[in-house]
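The values are calculated or read from the model by the stated rules, or taken from the named source; none is laboratory data. All values reported here derive from a predicted model rather than from experimental measurement. With ideal geometry, Cβ positions are generated from the backbone for all residues, glycine too; neighbour counts draw on all protein chains shown.
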Amino acid sequence: MTGDPWCTFSDTYPWRRYYDADGRLHRTDGPALDLIPGLDPEAVELLDEGTFEWLVHGIRHRIDGPAMMGIDGFRQWLVDGKVHRLDGPAVELADGTRQWRVDGKLHRLDGPATELANGDRQWWVDGKRHRLDGPAIERPDGFREWWVDGKRHRLDGPAVEWTDGFLEWWTDGKLHRLDGPAVEWADGSREWWVEDKRHRLDGPAIERANGGREWWADGKQHRLDGPAIELADGFREWWVDGERHRLDGPAIERADGTREWWLRGAPFPEPEYVEIVARLRETGEVPEF
């Protein structure tokens, strides 16, 4: 059954529709939604996405060409309701943007699966950003990102390169680098990450361009031989295993001279702090608090 047409002749919606017996848009020998013969396509506004649409029993579907065609050059190939094409881009926009899709997923093996009008290109395989022989994202301004199997990943250099010099090292979708900082900022600031956690054992895990420094281990602020945070203005904080903690003095020292005493992540007035530390030295245990 090719479908029986139902027409409307208003100036706003001058298209012709074909339906099946159940009231679904349907036609097998042409578009189920098309312009009424004799009308000028350039003089009317029809649909947001297309002017002609091929549908079978209410589902966009066409084997021998695009299932949606716009008067502005828009083309989209669909099979069984999914954007799909094997012999070229499945989406073509008037501005030159193109997408390769198979079974609804961004997919292309011989080049980028998306090519934007502005020059951006992205490589996708089976719905995941993926490229083995170079960056999976390339922009005209020089920005580049490496992805493998849907994860940021690169073993021979930074996986993210910005044009201003900002760099990030990623492995298997995690910020990670063993031979240096995993993040390098354009201003010279640096951050050490291992397995997606801030981590460095031989120095501060954050070195800021203004002189500030922070010590981290296994994703927690941590330092045993001094303050874990040192700012350029003289501010200092002591942290152990992710908690503000210091046994031999205040855990916070501000540039204005104010101080705070902390044990195991809890603040104390100085006299109480002194008492607790004295008892600790006598008994070897920190009292409950």
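A few comments on the model shown:
- Of the residues contained in the stretch 187-201, one or more are found to be hydroxyl-bearing (Ser, Thr, Tyr) and not in a strand (DSSP E or B).
- Set 173, 203, 212: member being within 27 Å of residue 135 (Cβ to Cβ), surrounded by fewer than 20 Cβ atoms within 10 Å (Cβ to Cβ) and small (Gly, Ala, Ser): 173
- Residues of the stretch 101-111 satisfying the condition of being buried (at least 19 other Cβ atoms within 10 Å of the Cβ) and either assigned to a loop (DSSP other than H, G, I, E, B) or β-branched (Val, Ile, Thr) (or both): 102, 107, 108
- Flag for residue 281 being closer than 28 Å to residue 189 by Cα and free of Cβ contacts under 8 Å to residues at least 24 places away in the same chain: no
- Test for residue 253: is it surrounded by 17 or more Cβ atoms within 10 Å (Cβ to Cβ), under 40 Å from the mean Cα position of the chain (by Cα) and either within 28 Å of residue 168 (Cβ to Cβ) or polar (S, T, N, Q) (or both): no
- Count - residues of the stretch 262-275 that are assigned to a loop (DSSP other than H, G, I, E, B), under 18 Å from residue 224 (Cα atoms) and modelled with pLDDT of 95 or more: 1
- Condition check for residue 180: assigned to a loop (DSSP other than H, G, I, E, B), modelled with pLDDT of 95 or more and over 30 Å from residue 80 (Cβ atoms): yes
- Residue 136 being under 15 Å from the mean Cα position of the chain (by Cα), over 24 Å from residue 62 (Cα atoms) and at pLDDT 95 or above: yes
- Tally, over the stretch 70-90, of residues that are surrounded by fewer than 21 Cβ atoms within 10 Å (Cβ to Cβ) and closer than 17 Å to residue 29 by Cα: 2
- Filter result (on the phi > 0 side of the Ramachandran plot and touching an Asp or Glu at 6+ places or on another chain (Cβ under 9 Å)) within the stretch 173-194: 173, 188
Okay, residues lined up against (1) modelled with pLDDT under 95; (2) part of a strand (DSSP E or B):
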| site | (1), (2) |
| --- | --- |
| 226 | no, no |
| 247 | yes, no |
| 260 | no, yes |
| 277 | yes, no |
| 281 | yes, no |
| 288 | yes, no |
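- Among all residues of the stretch 142-160, there is none that is exposed (fewer than 13 other Cβ atoms within 10 Å of the Cβ), touching a Gly at 6+ places or on another chain (Cβ under 6 Å) and modelled with pLDDT of 95 or more.
- Residues of the stretch 58-100 classified as in a strand (DSSP E or B), more than 19 Å from residue 121 (Cβ to Cβ) and either touching a helix residue (DSSP H, G or I) at 6+ places or on another chain (Cβ under 6 Å) or polar (S, T, N, Q) (or both), total: 1
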